[in-house]
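Asker: Structure incoming, see below.
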Amino acid sequence: MRPIIIEPTENPKVMKFVADYNLIPGSLELDRNSDIKEIPLAQELFKYPFVERVFVTANFIAVAKQEGVEWENVIGPLKEIIQNELAANPRIYLQKKNEEYLIYAEMTPNPMVMKFVSNTQLIDGFIEVKSPEEAAEVPLAKAIFDEYDFAKEVFISDNFVAVTKNVSVEWHEVMVKMRTFVAEYLQSGGVVSNAVAQKHASPAATIMNREYTEDEQKISDILNEYVAPAVEGDGGKISLMEYDAETKTAKMLMQGACSGCPSSTATLKGGIENILKQFLPELVEKVEAVNG
């Protein structure tokens, strides 16, 4: 059982019970009118009539009591309850089996990128966060950047999170820890994104604020049918960014694990270019990559 340290606060009615790990993303403030059916810890604490409020944030639980009750008479039982409940539900919320997020890690062709795949859909579409400064509207990405200084980029698509690391660590050193972090973040009710996800159909059209031409749509349709499923399976995203009819050149936007991947150029030339030349010989002679 993990230890709990008791710390007094400046308010004599409030006592802190400090754990040795972060309990919850964000914060949680509860009183007797709050909905606590998914929070066994709060259910147990509020069985004591002198408990007025419970506040949870970072690595501690703060309990506010009524006047007339001395801490020395109740602090022992409260500490025992908190220890027992955290042992059963380390992240505060009741972890229902049928709602549990199962996360597994999966290598990608890009050695700098690891996919963390969920059994549950995370977003409808995709979002790419290229730096911590861009993460304000994507709480899951922000949590990853805050927790791991080696994280460079986060790409979220449908049921997976692809994280790009820097050279300071190897994935075998941090993969298990990050997989657990992502699973516990999702399980505790953490928000994936407050930003509107881009749709898979024509992301380049969204970026460039225009509609595809008829020829561009033909190229995009071939990509979506024959190329995108395999690329997305590797934690990446590829889409038509620009088409030059004069030179018959299709420029591809490479995102997620594809962006900066050592093997992406070979994939582009050896696979995608051949597919497009086979299906659309009148339109495409070569392809070029644009990293997202």
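Asker: Subtract the Cα-Cα distance of residue 172 and residue 226 from 0.36 nm times their separation in residues, and report this length gain in nm to one decimal. Write out the running numbers ahead of the final one.
Answerer: Details: separation 54, 0.36 × 54 = 19.44 nm, distance 3.22 nm.
This chain segment gains 16.2 nm when fully extended.
Asker: Where does each of 119-125, 2-8 land if you order them by average Cβ count within 10 Å, highest first?
Answerer: Numbers: 119-125: 14.1, 2-8: 12.0.
The densest-packed peptide leads the list: 119-125, 2-8.
Asker: Okay, next question. Extension gain residue 7-residue 29, at 0.36 nm per residue separation less the Cα-Cα distance, in nm?
Answerer: Working: separation 22, 0.36 × 22 = 7.92 nm, distance 1.85 nm.
That works out to 6.1 nm of additional length.
Asker: Among the aspartates and glutamates, which have Cα under 12 Å from the Cα of residue 16 when same-chain residues fewer than 8 positions away are ignored?
Answerer: Of all the aspartates and glutamates, those that pass the test against residue 16 - Cα under 12 Å, at least 8 places apart if same chain - are 7.
Asker: Please list the non-local residues whose amide H lies under 5 Å from the amide H of residue 162, H modeled 1.01 Å from N, same-chain partners needing a gap of 5 or more.
Answerer: 116, 155, 156, 157
Asker: Determine the shape class of the stretch 5-88: with a ≥ b ≥ c the square roots of the Cα gyration tensor eigenvalues, call it rounded for a/c under 1.5, and otherwise prolate if a/b is greater than b/c, oblate otherwise.
Answerer: On the way: a/c = 1.40, a/b = 1.19, b/c = 1.18.
Rounded, because the longest to shortest axis ratio a/c is under 1.5.
Asker: Using the Karplus equation 6.51 cos²θ - 1.76 cosθ + 1.60 (θ = phi - 60°), what ³J(HN,Hα) coupling, rounded to whole Hz, does each residue of the stretch 80-90 give in order, writing x for Gly and Pro?
Answerer: 5, 4, 5, 4, 5, 6, 5, 5, 7, 9, x
Asker: Here's something else I'd like to know. Checking the cross-link filter: which lysines have an alpha carbon closer than 23 Å to that of residue 142, excluding same-chain neighbours under 8 positions apart?
Answerer: Within reach: 115, 130, 152, 165, 177, 199, 237.
Asker: Then there is this: Tell me which residues come under 5 Å, amide H to amide H, from residue 241 once H is placed; ignore anything under 5 positions away on its chain.
Answerer: HN-HN under 5 Å from residue 241: 251, 252, 253.
No lab work stands behind these numbers, since they all come straight from the coordinates. Just so we're clear, the structure is a prediction, and the values are computed from it rather than from any experiment. Please note: Cβ atoms are built from the backbone with ideal geometry, for glycine as well, and neighbour counts cover all protein chains shown.
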